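Presented below is the structure to which this report refers.
Each value in this text was obtained by applying a stated rule to the coordinates, not by laboratory testing. These numbers were taken from a predicted model, which means no experiment stands behind them. A quick note on method: Cβ atoms are made from the backbone with ideal geometry, for glycine too, and the neighbour counts reach across all protein chains shown.
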């Protein structure tokens, strides 16, 4: 049994013990799915769709948000920032040299939505804060880009500078926390999502001020530890992995990829080699961590974690690396023994053997795909890649992949897909789609 299988079994056992799910209604509880790798175990979403075919429901939501939907039992949760009130004199944010930023012209309500998984009805909506943003952000971003996370009892919605909120799944507030005001590089905005492990919620706060990572008690919001970080702005979401009974938080940054002891915040190991402007989140399985970046330089590191201590830069712990075709905005997909990653944010997908880094078969240009920010996802022996202009390419998960479908919708997509059961959820600029083929019996 490999570690990926073990994580799957452990996750399934935990969910069964918690008595909050069932085999025919699996969940997508966080950014990058139940395993944190982009894979949806046991799911079987449709291969083909159009605006008329295999659309279970489609609804419009107010405001804007690039956060990924999460799915728990019969509910789908999303966040959005909704402009309200009269237009104001435009104010641009960012340091000298900033480009492509949106002006601040309106106050916003920061909102959490719960949708019916069955028909897309809005079950409840909660405005957790109203504020005038201090940054407009990059034109390609949103003020609600951090994805929520749930443990089946609590829902954690993070709006960066505009607060962290714990709600029950019926929308009842439990606690909230203000972590300060983030000063993002060039005023381009915020985007790192919180990560949940056991009773601990972890938030990374890399910006142009005093950066830090903080661990909180999920039930109360009380601080367990807070550690300064010698880092500038990044947008990558941390992950938590457990080895030999020790859980560690892994965070990618411009200076170093670092592993922190989840109990104490102590740095266990660190490794240099990535670029600035880290956006892609790392993935992990089988004792191997994969971290990539692509800004002023390209770099993808495969790091073996057993016995990693101290500074492991250029050590034998870096099993392989690549310096071309590496990911910038979309995060990698770790699916079985294969690692998939996109070149920068273009439609060139590379598939390699995760253990060795060898091409299997290497880089391939995706048909009908231009620029994309959404991360690839995998299920049922297939890989799904969604572009900004509404196209989704579906390929099979073989050593030499072939294209199974090219699907188009009448929307633009920056948020990554969520997969649960027989459904795939795509959150566009205008609409949220639940795509599913009819049940085998026709119902």
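Quick rundown of the values:
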item: Virtual spin-label span in nm between residue 74 and residue 261, 7 Å along Cα→Cβ; result: 4.5 nm
item: Mean-position separation - Cα centroids, region 38-55 and region 62-81, in angstrom; result: 18 Å
item: Region 293-341-region 212-253 distance, computed between alpha-carbon centres (Å); result: 19 Å
item: Computed [θ] at 222 nm, helices only, for the chain once each DSSP H run of length n ≥ 4 contributes -39500 (n - 2.57); result: -1000 deg cm²/dmol
item: Order by protection proxy (mean Cβ within 10 Å, highest first), peptides 182-195, 231-244; result: 182-195, 231-244
item: Most mobile of 34, 306, 86 in a GNM of the chain (Cα contacts under 10 Å); result: 86
item: Within region 148-190, backbone nitrogen closer than 19 Å to the virtual label 7 Å beyond the Cα of residue 88 toward Cβ; result: 159-163, 180-184, 187-190
item: Full-extension gain in nm, residue 226 to residue 400, via 0.36 nm per residue minus C-alpha separation; result: 58.1 nm
item: Residue 353 paired with residue 172, simple spin-label distance in nm, labels 7 Å along Cα-to-beta-carbon; result: 5.4 nm
item: Candidates 246, 346, 48: whichever shows maximal mean-square fluctuation once the chain is modelled as a Gaussian network with Cα springs under 10 Å; result: 246
item: Residue-span extension gain [residue 122 to residue 99] - 0.36 nm each, minus C-alpha spacing; result: 4.6 nm
